[in-house]
Every structure is written in C-alpha cells, then in structure tokens.
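Take a look at the structure below.
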Amino acid sequence: MAGLAAGAAQAAPAKDQGPSVRLQIAAKPVHAALIDFALQADLSLGGDLEACHGLSPALSGRLSPRAALDRILAQSGCAYALPDPRTVLIRKIAPARAHPAVVTEAPTILGLGEVVVTAQRYPNLPGRTPYAISVVSGRALQRETLTSLGDLSGQVAGMTVTNLGPGRDKILLRGLSDGAFTGQTQSMVALYFDDVPITYSAPDPDLRLADIERVEIMRGPQGTLYGGGSLGGVVRIATRKPDLDRYQASLLAGLSHTWNGGGGDELEAMANLPLVPGRVALRVVTYRDAESGYIANPTLGLKRVNGSTREGVRASLRAALSAHWTATLGLTTQSINNADTQYGLRRLGPHQRDNPVREPHDNDFEHVSLTLASDGPWGRVTGSVSRLSHHFDSRYDATTASALYGLAGAPAALDEEKAIDLTVAEVTYATPSDHRLHGLIGAFASTGDIRLDSALHAPSGTGPNAYAERRRDKINETAIYGEVTLDVTQRLSATAGLRWFDFRFDTDSTVVQAVGQRVFSGADDATGLSPKVLVSYDAWPGVLLYAQAAEGYRPGGYNTAGRIGQAFDIAGAPARRYQADELWNYELGVKYRGWGDRLQGRVAAFYATWESVQSDQYLADGTAFTANIGNGDNRGVEAEAALRLTDQIDLRAAALLNDPQITRRNLDFSSRSDAGLPGVARASASFGVDHHRDLPSGRTVRLQAQATYVGASYLTFDADKTHEMGEYLGLRGVASLEAARWTLSATIDNPLGAHGNSFSFGNPFLITRDQIITPPRPRTLALRLSARF
C-alpha cells in the first residue's frame, strides 16, 4: 500500500514520478493550488486540503505529479499519497514529521478522491462546494462503457431521460418536468459543451461521450449564471484538451448482439499531435457506432425496423499564447440516422406495431467555438464565441388522423424539419478566491433563428400537401450577471448573485391548406432579473451545511400551428400567446466526508415553486402547441453516497424521493390537480458496485454491476392510466481486464430481458387513439477492446 509522501522544498528526481504534465499555476494558497493542479493534471483529489497552510509557489512547465506535489506542499504541513496513478490524497502530518520523505503510518485503506468541477465558473471539488453537483469522470465513462448522456441516469440522483430514441430524448433533473414532449419551449436543462451552450429548444443531440474528461450535473435553477433554459439545472460535458507536448493516440473497437435483434458495432479513434511542441497542439476524435433494431412491423413485413447509426468528428486546436493565456478552437460535427421509431403497441406486444408508414429521424449537429482563457495572479478570465447549427427532422405516421385533413383515412405522413442556428458570445472574470471577498462577473449575448417546416401528405410525397406550416423565430438575448461571496469567518460564507437579461423574439408563420392560408406575425420583448442567495457553513471537518434560494425563468412565445379555421384564445383552444414561466428553488443541504475519506455523501431537501408552467402538447389532429398549464411545485429529498468498503470494493448509491404536482390549474387545459408533473417518477434509485483485483502481471480484473429503479409516472397532465409508464428495474454488468496499454471489456445490458414500459410516447397522432409502450433494449451483450499508444 502506498505511503504518504511529505512535501519537499524541491522536486527530487525519481524513477517512479510518472509521466509529466504541463502546468500553469499562479502563486496562491496551497489548497487552491492543489485544486488547480488536479484540474490541469486530470487527477482525482481528496483528503485534508483545508489543513494545508501557507502559499504555493508558481508552477510553470512540465512536471511529474510527484514533483509538482512536492513543490506545492513544501512547508505546508501536509503530505500526499498516490493510491493509484489517477488519485491524490492529502493528509495533515505532525510538525515533527514535516520533512521525512514518507510517513509510514498510512491508513490501511486509502480514501476516495474527487474530480474537480468548473460548473460554477471556477474550479472546486464537488464535495466541498455548497451546490447539488454530481460528476462522472472520464475514467468512469470508459470503465463502465457509457457513451451517451442517457446512460448517466443510472449514475446520479434524479436524472430522467425520455426513451424516444437516439438524438430525440429530453433530459430532466430532480423531478422538474414540463412534460415529455419537445417543441417550442426552451429546454428545461441547459446543455453545455465545455464553455458554450449547445441546445435551445431541441432534444439532447446525443453526442457520443468520446475522449471526455468529465460530465458535470448541477441541479436546480441556474438562472444567475446560465440564464433561461436552466430551470431544472445544467449538464456540462468537459472534453479532454490537447496536450501541447506529447504525441498520443487511442483506438477502440467493439461488437454487440441484441437478443431478438441483430448485431451492432462501434469504432472510435483519437490522435493528439503537438504541432509546435509546448505551444500548439491538435487533438482529433472520430467515431462511428451502429445499433441493431428490435421492433417488428408485420404490416410492412419488416423486422428490426429501428436500427440507428451515429458518426462524428471532433477537433480541437489549442495554442499557448503566453505564460497565462491560451486559445482553443473547437469543431464538432455529428450525424444520427434512425431508420424508424422504437415503440410498440400494447395490443400487439412491446416489440411490435402495425403502422402503415415508417417513421425515420435524422439529427445533424455542427458546432464551432473559439475560447480565450487566462489564469494568473489577477484571477481567471474566459471568453468564448460559438456558432451552433442543429438540424433534425422526423416523420410520423399520420394515418389515424388523415380523415381530418381530407385524405379519407388513406395512409398519411407528417414530416417535420427543424433547424436551430445560434451564435453565442460570453465572457466571465473570476477574482482570486483567496480573498475574503471574491466573486465573478460576466456578460452574455446570443442571436439566431429557429425554422420549422411541417407538411402532412401522402407517404410518397408526390401529391399536394394536405397541411403545411412554415415558421421562423428570430431570437436575441443579452445579459449581465455576477456573484459575490463573503467569507464571514473561516467557516461561514455568504453568496449573492444577480442576472439582468433582455430577451427579444419575432415570430412569422404561414399555414397552408387547400381551403386557404393563415399568416401570423408577432414580436415581444422581455426584461427581468434572476437572483440567487446562498449561505454555507463548515460545521466541522468533513461536514458542510448550506442553504440557498435561486430563481430560473423561460421567456414566452406564440402558438401558430393548427388547421385552418382553428380558433385561438377561446375555451378549449390554445392561447395564441403563451406566457413566461418562473421557478424558485429553496434548498437545504449537507455534504459529508468521513472514515478517512472512504465515505462521501450528500443529502439535499428542496422545495420548488413554479408559476405559469410552460408545456409542449399536441392537439387531437397531431399539431403541436404550448400551454401554460398552471402553477406547480415539487418537494423532495435527494441523496448520493460513495463508499470504499475495502481496497478492492467500491460502492455507490443514489436516490430521489419527490412529490411533483399541479397546485393551481389552468381551467382551459385538461389536467388534474393530483396528477403530478408528467414524465418523472416520484421515486427513483440506483446502486452500483465495483470489485477490482490487481494481478501479479500488473493487470487488473474489474467486475462492475449496476441496478436502477424507476417508479411509476404518467405521460400527460391528466394522469390517464392508459399512458402510465415506469415501474421497472434496469440491470447492467461490466467485466474487464485492464493493462497499461489496453483494456478488454464485456458488457451485458438488461440481462433478465425485462420489457417494462419506459416511455408511453412515440407518435403524436396515437396519444388518444392507441396505447404506446417503449420497452428497454432487449438483452444485449457487447465486447470492446481499447488500446492506448
């Protein structure tokens, strides 16, 4: 077992110091320097950081982890241990032992480290920050073969991902749901790719989690820092940055087989190329994966109709402009093609349906960004500008409603093409955190347009459209925001934040049918403030208490879809104008680290009030509209814990108990006050175990298992029993053999072949006409080999 190495005044050469990493750390307090070191070296960090005193010297250039730690911890009264190559643990040592190289009284079992997060716009450890933050490291993604955000719902508490299909899912956090459908409303959860947003009113683009450093999940409204569209929280994907000095490469290949389905495959490659060593480097990732279908359509004589492919490329060019400034140019492009949807019909069984029209879906994502960042004695500055182009189109079988459009019940299809083009610029400045009064300020601006083209016609597409709409929304948003924290004492801190925003939008729509056309134009402007207050208290070593209140918002908009002759603003019909909604979250939380950091956990009790809840819904004719359902609230308890039981066994658990409900109904909308918010269960939980054993050859055998429970929920606000879903248990297992340069793994999903209903939606025309069930993917076995060069 590794001992604890004390900090030395200078780095002594050693054969076991490990590969060097490029560091740029300003002189600052030791605990802050350790966090910067862990972030830049991509290491987990734990232990008694707060016990380290004094200032760390500035570090610049390539250093081994041991050499860097020796310099940071010199004369700090602390020592470190490296229980594995990716974890650093800090311990306070007695004054008389401040200089020996090794403290031999190391604990029998070393504790868990934490992955540094930056969702708060500055680096910190999730267990020491007063927010409900979870993080999944890149190593966990690789070890557990997790490739999409939807896979993380079994890793963290309170994360719900609808199961509509690849590139079509909606992410919800902590039971805050505006409904299961995605339409005109801004997203409930903001998705960020490094420092830039990648969604607006769209489903999760389902980017493959390839060469990812970590994924951060921040719950509750984040209106102060992230603006509209973050009522439920923020999910941030942090990619691995180009290494300016080392040539690196990796290759991953895998095969899979789905019972009652077919074969799948995956291929992923990464290359890191220092173009000008020490100054400029390029990192490129490319991938392709394919999944077999498992839904049959006897009416069309087809099996496995819902196969899908995903392929993409990501490139990042990074340049060190000076000792403190870097510039990063990023490009991401991905395409998902689904041959058909993945739902079945209850009357036929979970894996069959009889639609006369196939329902393909494509999701094309392109993103370009330029980020300028600095870190020095003056603090941290980050500026970014990005261009997002997210285009996705779907076809729905409209046969059951074709008579409403004059097609006499003949087969019909509704084609929808949506394009979101958005340009975003943002700059933030964070002051040094070693002052009693510290904080950050930022400015945000975005402009873009959203285009939606819908057409209902015969499946061949050769005849005239029975219904068509062309809609365009132009959006412009500006904001100024800031947060300030006062360390009242060494234990007590208070934070206040405020965001001023101005949101402008213009909507133009033309609906065309054989009987004529309907034209609409509208514009509006919304200005407001989004505040936050927070108090945190370090009650005793390893225990952090906090209380916060925060607000989130989404702007309103216009309804335009519907057949000619449909009225607006009358009883039983959609309102032409839907209003903004606002959510306040009140939270009490505790975070705990104990038993030598072998046990880490957090518990949060929350109460959220939600006014004028926006929700995307469908009319009986299959056209979409947005309604203000009424007022709602949610109260609950959320918990996560990790335990290192022995040197070879790690356990983790997460759970959410909540009571989402409608407290005041909009009488013009069909809902029940006791129905709850749709699409989210009142109870969910997950449990995972990791058993690993080192072999004499230097390799490691690892066995992992995961169980996820999702309680019952409803698709709609009327709590119709025909749309009940959930109440199922998901199981997963991974066995792997790890070596220094390669890993071989086998994964089994749904080993018992469960076929519960994970989602009761797949086609807007069938909501009131049939019972949809979406089973989980049947038992699937996958083999994967990855190599690192």
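Scanning the range 740-750 for residues that are open to solvent by less than 20 Å² (accessible area, probe 1.4 Å) and either at pLDDT below 95 or among the small types (Gly, Ala, Ser) (or both) yields a single hit, SER745. Is it the case that some residue within the range 385-396 is open to solvent by less than 20 Å² (accessible area, probe 1.4 Å), in contact (Cβ under 8 Å) with a residue 60 or more places away in the chain and in a loop (DSSP other than H, G, I, E, B)? There is no residue in the range 385-396 that is open to solvent by less than 20 Å² (accessible area, probe 1.4 Å), in contact (Cβ under 8 Å) with a residue 60 or more places away in the chain and in a loop (DSSP other than H, G, I, E, B).
Look at (1) part of a strand (DSSP E or B); (2) under 23 Å from GLY264 (Cα atoms) and you find that PRO776 fails only one, number (1). Of the residues making up the range 705-736, those that are open to solvent by 20 Å² or more (accessible area, probe 1.4 Å), closer than 16 Å to ALA157 by Cβ and not aromatic (Phe, Trp, Tyr) are GLN706, ALA707, THR708, VAL710, GLY730. Set side by side, the residues GLN184, GLN142 differ, and just one is open to solvent by 20 Å² or more (accessible area, probe 1.4 Å) and not in a loop (DSSP other than H, G, I, E, B), which is GLN142. Counting only residues that are touching a helix residue (DSSP H, G or I) at 6+ places or on another chain (Cβ under 9 Å), closer than 30 Å to THR485 by Cα and open to solvent by less than 80 Å² (accessible area, probe 1.4 Å), the range 498-531 holds 4 of them.
Among all residues of the range 550-567, there is at least one that is within 30 Å of VAL603 (Cβ to Cβ) and either open to solvent by 30 Å² or more (accessible area, probe 1.4 Å) or aromatic (Phe, Trp, Tyr) (or both). GLY227 fulfils the conditions (1) surrounded by fewer than 24 Cβ atoms within 10 Å (Cβ to Cβ); (2) closer than 24 Å to GLU587 by Cβ; (3) of a type outside the set (D, E, K, R) except for a single criterion, (1).
Put simply, of ASP194, ASP178 the only residue that is over 20 Å from GLU483 (Cα atoms), within 14 Å of the chain's Cα centre (by Cα) and of a type outside the set (A, V, I, L, M, F, W, C) is ASP194. Of the residues making up the range 333-384, those that are buried (at least 16 other Cβ atoms within 10 Å of the Cβ), closer than 30 Å to ALA290 by Cα and of a type in the set (Lys, Arg) number 2. Within the range 145-169, the residues that satisfy the criterion of being crowded, with 24+ Cβ neighbours inside 10 Å and within 17 Å of PRO660 (Cβ to Cβ) are ALA157, GLY158, MET159, THR160, THR162. Against the conditions (1) assigned to a helix (DSSP H, G or I); (2) among the aliphatic types (A, V, I, L, M); (3) modelled with pLDDT of 90 or more, ALA79 satisfies every one except (1).
For ILE564, indicate whether it is in a loop (DSSP other than H, G, I, E, B) and either closer than 30 Å to HIS692 by Cα or touching a residue at least 40 places away in the same chain (Cβ under 8 Å) (or both). For ILE564, the condition - in a loop (DSSP other than H, G, I, E, B) and either closer than 30 Å to HIS692 by Cα or touching a residue at least 40 places away in the same chain (Cβ under 8 Å) (or both) - is met.
The residues in the range 338-381 that are of a type in the set (Lys, Arg) and part of a strand (DSSP E or B) can be counted, and the count is 1.
The set of residues in the range 187-208 that are assigned to a loop (DSSP other than H, G, I, E, B), touching a strand residue (DSSP E or B) at 6+ places or on another chain (Cβ under 7 Å) and not basic (Lys, Arg) comprises MET188, ASP194, ASP195, ILE198, THR199, TYR200, SER201, ALA202, ASP204, PRO205, ASP206, LEU207.
Within the range 436-453, the set of residues being in contact (Cβ under 8 Å) with a residue 40 or more places away in the chain and surrounded by fewer than 18 Cβ atoms within 10 Å (Cβ to Cβ) comprises ARG436, LEU437, ILE441. Of the strands (runs of 3 or more DSSP E) that lie entirely inside the range 233-294, those containing 3 or more residues that are of a type in the set (Ser, Thr, Tyr) and buried (at least 17 other Cβ atoms within 10 Å of the Cβ) span 248-258. The number of residues in the range 479-497 being open to solvent by 60 Å² or more (accessible area, probe 1.4 Å) and either of a type in the set (S, T, N, Q) or touching a helix residue (DSSP H, G or I) at 6+ places or on another chain (Cβ under 8 Å) (or both) comes to 2.
The values are calculated or read from the model by the stated rules, or taken from the named source; none is laboratory data. Because the structure is predicted, anything quoted here is derived from the model rather than measured. Methodologically, a virtual Cβ is constructed for each residue, glycine included, from the backbone with ideal geometry; neighbour enumeration extends over all protein chains shown. Ligands, DNA and RNA are stripped out before the accessible areas are found, and what is left, the full protein with its side chains, is counted by its heavy atoms. Shrake-Rupley method; radii C 1.70, N 1.55, O 1.52, S 1.80 Å.
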